[in-house]
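Report on one structure; see the data block that follows.
The values are calculated or read from the model by the stated rules, or taken from the named source; none is laboratory data. Only a predicted model underlies this, so the values are computations on that prediction, with no experimental measurement involved. Cβ sites come from the backbone with ideal geometry, for glycine too, and all protein chains shown count toward neighbours. Accessible surface areas use protein heavy atoms only, side chains included; no ligands, DNA or RNA. Shrake-Rupley method; radii C 1.70, N 1.55, O 1.52, S 1.80 Å.
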Amino acid sequence: MSDVQQITAAVGAEAQELGDGRTLSNRELLRALLRKPQFVLCSLLLLTFFTMAAVPKLFTSADPRFCELAKSRQGRGPGHPFGFDIQGCDYFANVIYGARPSVLVSICASFGVFILAGSLGLLAGYFPGFVDGLISRTADVLFSIPGIVVLIVILNSVQNRSIWIIVGVIFLIGWPGGMRLMRATVFSVRNREYVLAARSIGAPPLRILRKHVFPNAMAPLLAMTTLGIGGMVGLEAALTFLGVGLQPPSISWGSQFGVAASYRDTPHLFIWPALFISTMTISFMIIGDSIRDALDPKLLR
């Protein structure tokens, strides 16, 4: 929670410095990002992970559920670069197929939170009074409850947990931080000249929000969302490791962590999923940093 608050405060402070409503065009933003080698490298890594999640057979022809107990916990060998797990299944195939849950949870949950937080933040910032009070007080209630505790309690009460159930629960409790940031940014945008001009000619509120307020207020929330995607990857792994995430026979990096914790004398069971999770998380965070820097209002002057 403290990390989210720090990001919110830092990005929100940058948003307050925009005084003329000028934003980067899509082409200018892409050009600024492509000038950053770390952004290009991390984008290629994430593209590899996305392809791995979508079409795992491009990376391995082995069946992750074909096991030979005689090879249990054996190290790397010909055709098996990551060795075997405790059931004698090819560990490389298991790690490849384990990418899908992490990618789906991180992307879908983050996109959903961005939409919900952005929409509620727009309404709360543009309509002070009852609407703002209702949305803000609801967010305060969710802020007062530790998020990880809520996730564990809710998911523990669900018998058949799927990827979409985990995404839905994260989606429902993960929006308050983004909503607060969006609300603060909308407050700084709603009384600018171009918004007042649109009001003066009789443009309806929804059109003003869609055409004028949202495009000029979304940058801080977008930067915060991209920075938080990496945390979603770790969250999915942590939930599965704690026993409230995906259930067998689902394959995920988190479930591989849970197994590896019981076999500390077999380091390869831990090293490979840890390497993949770390690489994916760091890549998302570097891309988030790059987008935040490109959208920094100070660079537009």
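Where is the GNM fluctuation largest for the chain (alpha-carbon springs, 10 angstrom cutoff): ILE154, ILE291, ILE163? Answer for the Gaussian network model of the chain: ILE154.
With a Förster radius of 25 Å applied to the beta-carbon distance between ARG27 and PHE111, the computed FRET efficiency rounds to 0.60. For the residues PHE127, PHE66, a 1.4 Å probe over the protein chains yields an accessible-area ranking, largest first, of PHE66, PHE127.
Given 0.36 nm per residue, what is the gain on full extension from VAL141 to LEU172 after removing their alpha carbon distance, in nm?
This chain segment gains 9.9 nm when fully extended.
Computed over protein heavy atoms with a 1.4 Å probe, the carbon and sulfur contribution to the accessible area of the chain reaches 65%.
Full extension of the chain segment joining LYS211 with SER72 gains 44.1 nm, where the gain is 0.36 nm per residue of separation less the Cα-Cα distance. Of LEU46, SER200, PRO128, whose Cα points farthest to the positive end of the dipole of the chain (charges on the beta-carbon: +1 Lys, Arg; -1 Asp, Glu; origin at the Cα centre)? Of LEU46, SER200, PRO128, it is SER200. Heavy-atom accessible surface of the chain, averaged per residue, reaches 51 Å², computed with a 1.4 Å probe. The distance linking the range 195-237 with the range 118-184 is 16 Å (Cα centroid to Cα centroid, whole angstrom).
Fully extending the segment from LYS57 to ARG199, taken as 0.36 nm per residue of separation minus the present Cα-Cα distance, adds 45.6 nm. Neighbours of CYS89 by Cβ distance under 13 Å: Lys/Arg scored +1, Asp/Glu scored -1, total -1.
Which of the helices in the chain meet the span-like rule: DSSP H, Cα axial reach of 15 Å or more, Kyte-Doolittle mean at least -1.0?
The qualifying helices are 2-16, 37-54, 99-126, 130-143, 163-173, 176-189, 214-241, 268-294.
Taking ARG192, ARG27, ARG73 in turn, the Gaussian network model of the chain (Cα-Cα springs below 10 Å) assigns the largest fluctuation to ARG27. Applying a 4.7 Å Cβ-Cβ cutoff to the chain leaves CYS42, CYS108 as cysteine residues with no disulfide-compatible partner. Taking the chain as a Gaussian network of alpha-carbon nodes connected by springs under 10 Å, the highest mean-square fluctuation of the residues ALA70, ALA124, ALA261 belongs to ALA70. Counting Lys and Arg as +1 and Asp and Glu as -1 over every other residue whose Cβ lies under 12 Å from the Cβ of ARG190, the net charge comes to +1.
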